[in-house]
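To keep things clear, I will list the structure first and then write my remarks on it.
Each reported figure results from applying straightforward, stated rules to the coordinates on display, with no laboratory input. Worth saying up front: this structure is predicted, and the values here are computed from it rather than measured. In this analysis, Cβ positions are derived from the backbone assuming ideal geometry, glycine residues included, and neighbour counts consider all displayed protein chains.
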Amino acid sequence: MRIIKFALALACAMCAPASAPGADAGRGRALYEVRCDLCHGTGVHVRESRNATSFEGLRKQVERWNTNLDGGWSADEINDVTVYLNNRYYFFPCPESVCRSGRATSETGRNPAHFRVEWQ
């Protein structure tokens, strides 16, 4: 079932215009769900002792685990996963070279400064 979800999400992501700059958080979510959800849930991202303390630090963590798991993700795919995680959990300022707007947004598209997330 996960493979079908991933294939559909990837197919939708590929329909986006190629000229649009910036990472694709939707494709990043699909990649993350297929590979990363199997070993850990959200707990690793909401714990107080996070390894990532900046967008670049988060990207380095994604890159590190891609290498450790011999994942074969491209630099664009690493950016996609990083932007997805940043938009979902971290809300670090995002470099214009990676993000379209330069700032993190929630999955609903709102700036995270405008709402609070309650963690259980």
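Each of Cys94, Cys36, Cys99 has some number of other Cβ atoms within 10 Å of its Cβ, and from fewest to most they run Cys36, Cys99, Cys94.
For a footprinting-style exposure proxy, rank Ser49, Ser74 by other Cβ within 10 Å, fewest first.
On the way: Ser49 4, Ser74 9.
Least to most surrounded, the residues fall as Ser49, Ser74.
Maximal additional length on extending the Glu48-Glu33 stretch stands at 3.1 nm, based on 0.36 nm per residue less the C-alpha distance. Restricted to Cα atoms, region 61-104 shows a radius of gyration and a Dmax of 10.8, 31 angstrom.
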